[in-house]
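A short worksheet on the structure shown next.
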Amino acid sequence: MEEYLYLIPERNENVELRKIEGKYYLLVPMDSPLDFLARRLHGDYRRIELNEVGAFIWELCDGRRTVEEIGKLLRNRFEKDVEPLYERLITFLFELHKRNLVRFKRVGELE
């Protein structure tokens, strides 16, 4: 797990975090031709609901902070509510990565 601490997550620039009626959502554009029916039913965006911790993590995925740095900020803000910290953080980030919502860079990697 230690090798993951030095990855740098970066948000997909096409995805937007928005607070709607007190809840946090990632708005993911449905721009594939295969999304035609979904767009007609649900609009131009697919919504993925996040809790406050998830929204905080999303904002920190700026392409500059490592997973370790994000973890430290999470612990400072949410204390024991995010334990076990790095297991949960890494799992969440890899779920975002599987959905093409974040990509990972390595420390020192050029854009």
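Coordinate-derived values only; no laboratory data. This one's a predicted model, so the numbers in the text were calculated from it and none came from an experiment.
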Helix-only [θ] at 222 nm, the chain, -39500 (n - 2.57) per DSSP H run of 4+, per residue, nearest 500, equals -11500 deg cm²/dmol
Between Tyr24 and residues 5 or more places away or on another chain, which pairs have amide H atoms under 5 Å apart, with H built 1.01 Å from N, and which residues are they? Leu50
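So what is the relative contact order for the chain, in percent, with contacts set as C-alpha pairs under 8 Å and at least six apart?
Numbers: 136 pairs, mean separation 41.6, N = 111.
For the chain, the relative contact order is 37 percent.
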Restricted to pairs 8 or more residues apart or on different chains, the lysines in the stretch 2-106 with C-alpha atoms under 26 Å apart form a number of pairs equal to 9
Here are a few candidate values for Rg/Rh (Cα atoms, Kirkwood Rh): (i) 0.92; (ii) 1.05; (iii) 1.01. Which one was actually calculated from the structure I just gave you? (iii)
